[in-house]
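Below is one structure, written out as structure tokens; the observations come after it.
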DNA sequence: CGGAGGAATGTAAACGGTTACATTCCTCCG
DNA sequence: CGGAGGAATGTAACCGTTTACATTCCTCCG
């Protein structure tokens, strides 16, 4: 007697009294099939509870209909601290998924916690997909080199080393920081500005810091050694707690919103009035910034469009593997609320 | 001359001077291979930029090392409104990804916007994975039936119809709402309670509404027709704007945090003092609740563990397809902050 | 009425790995 | 010194689809 293994095209074909080719044609959307046959096959599939084998389909068609995303897991697996920093990633994922869905693609995600494991994870994702997106620090040149054969897009990647080699999408970090910092300087007349930087290996964070230094220096203001955080509220708090209350700067520019929120929360707990005693601003434009007290002045970056653009580039390259590498810069927008001193 | 198609085990084998079997063994982690051979093969893979074909591997090994997740897309694709309601999903995804990562699995995600398309999407995800998780309303009985052959877990699913058929994980909605509502009644002495319900097709939302009705009725208090929202801040606002200020209830219990935040924001804009004039509480325990004014009293549900548990159940069923269906209930915890009237 | 032409369907060879089984080649011991 | 035994490697069938090509069977027109 037959084992109860899951049914294949052959089983469906037998039950419907047709060949496997016909079943296959019914699967891929009824090319030249008589309506009667089509219906008979679909009925057989239904009856058998047939599920096509994606691996087999992928093998012959050379298309998995999957795009992969590899991103850093900023969270601490033990404590849940740091999960807030993943909001950005979540939005990029959402943008990718929405863009991919309409075109019949699903999104495969994998996060890297240990930088050592980046290549391994990226390869494992790459081997199951038609193209891969590498987010931020998960795109070292070594990985990019190794995966060259596959359509690949780097989102929020390193500065320019790879720009000529691989498709990239990033936001206009410099423009955003410039608008933000100029606002603090020009509108509010702040002179002593401090920067709370992101992790050293974050490309976005690096660009923001560089832009900040440029502006401040160009304005003839002192550039102080930046504080360091890891994009989480938690480090924002820690850093704020270590500040000397008596010698606060005029403003603290944070490399992202979550750290700004941590700073604001911790400073207020210490009795510091914001923005009166010190202005605090962020970068990203996540929803929670609107609810903080005071509401957070920030730079909104288009996170979902980042993911959507990545999908488009992937498709473009799939269609034309030899296309010139693209290097997209999406615009940012200053979002003035109250934490900078505006009302 | 050879075309520049991507290299296969055969190419690697030729270059390393071994057979394809040896290459395969090198791939799957060096079973009985002499160190010299292993190194030679790895070198060849490196040189050729070899990427194993996941589809081919999946076909023979009958394992894709992928778990899929199908969830509802609550957001409005046009306006970005409603994306906030996806915070819950994001956390479940994160829980799944983290749990799956360690066991060598990646997560394939697909969202359904149009309920009609649920089955089609679920099947497409199912066919590419070793098991699938259906979230909330994406698990109608018809879909469950059709995918029966595959390991499947329903997270936050319908009440009990399917409990005996399929593995499930959900949180203790009734317990959470009970604790929350009792707190309002017993501690704050509220008598007029209003419920802001979620979308009618949300199983979680349904359970929360039912539990609320039970408690209120049991306490001998009036049960008013619930307000209706769709889990987004936006509808929270809308609903709050339509309330008559003169006849506000003592408290509004919202089926999730985002709606509660919308309600609070909109009411405060209308000059209503919270919690003095009316208490507002939520459900979920998302991070932003801590920053709202006043900080949101809520019921924390373990979102990441939900995803992690789903992965465990998937693995369990993969190991033993005949296992008895499990129906897990994860505990919730009342998180008292200020929006209920506590200090 | 015969055959051209086209629509519907069937046949069978890939696709790129894995793995059961076969083979080779040592090592080591009686 | 012969052969047992085991480690390393090779051979080839198979996994479940897709698809190029072959076949069948109409329809329709000269």
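Of note:
- If you model region A:27-175 as an ellipsoid using its alpha carbon gyration tensor, with each semi-axis the square root of five times an eigenvalue, the axes come out at 36, 18, 15 Å, biggest first.
- Region B:237-310 and region A:46-77: distance between their alpha carbon centers, rounded to Å: 38 Å
- Each peptide in B:249-260, A:112-123, A:207-218, A:166-177 gets a packing score, the mean of other Cβ atoms within 10 Å over its residues, and the list from highest to lowest is B:249-260, A:166-177, A:207-218, A:112-123.
- Virtual paramagnetic centre 7 Å along Cα→Cβ of residue B:214, amide N under 12 Å, in region B:161-204: B:172-179
- Taking chain A and dividing mean pair separation by its residue count, relative contact order in percent (alpha carbons under 8 Å, at least six apart): 17 percent
- 222 nm mean residue ellipticity, helices alone, for the protein assembly as shown (DSSP H n ≥ 4; -39,500 (n - 2.57); rounded to 500): -12000 deg cm²/dmol
- The residue A:248 and residue A:62 beta-carbon pair, evaluated with R₀ = 51 Å, returns a calculated FRET efficiency of approximately 0.25.
- When the P(r) is computed for chain B, the part past 26 Å accounts for 56% of the Cα-Cα pairs.
- Remark: mean inter-chain Cβ contacts per residue of B:253-265 equal 1, using a 10 Å Cβ-Cβ cutoff to other protein chain atoms.
- Nearest 10 degrees, 0 to 90: helix A:203-218 Cα axis against chain A principal axis: 30 degrees
- Beta bridges per DSSP with both ends in the protein assembly as shown, % antiparallel, nearest 5: 10 percent
- Listed peptides B:233-245, B:315-327 appear in the order B:233-245, B:315-327 once ranked by packing, highest mean of other Cβ atoms within 10 Å at the front.
- Nearest-ten-degree value, helix B:257-269 long axis tilted from longest Cα axis of chain B: 40 degrees
- Degrees, to the nearest 10: A:87-101 long Cα axis against longest axis of chain A: 30 degrees
- Relative contact order of region B:176-305, pairs being alpha-carbon contacts under 8 Å that are 6 or more residues apart, as %: 23 percent
- Placing R0 at 30 angstrom, the Cβ-Cβ distance between residue B:270 and residue A:81 gives a FRET efficiency of 0.25 after rounding to 0.05.
- Length-normalised contact order of region A:267-343 in % [C-alpha pairs under 8 Å, at least 6 apart]: 41 percent
- Rg over Rh [alpha-carbon atoms, Kirkwood Rh] for the protein assembly as shown: 1.00
- Take each residue of peptide B:66-72, count the partner chain Cβ atoms within 10 Å of its Cβ, and average: the result is 2.
- Inter-label distance, residue A:142 to residue A:14: 5.2 nm, where each label sits 7 Å from its Cα along the C-beta direction.
- The tail of the calculated P(r) for region B:201-343, taken as Cα-Cα distances beyond 27 Å, holds 29 percent of the pairs.
- Peptide B:79-86 has a mean shielding of 2, counted as Cβ atoms of other protein chains within 10 Å of each residue's Cβ.
- Label point distance in nm, residue B:191-residue A:188, each placed 7 Å from Cα along Cα→Cβ: 4.9 nm
Values quoted throughout were computed directly from the atomic coordinates according to the rules given, and no laboratory measurement underlies them. Not measured: the values here are computed from a predicted model. Cβ atoms come from the backbone with ideal geometry, glycine included; neighbour counts cover every protein chain shown.
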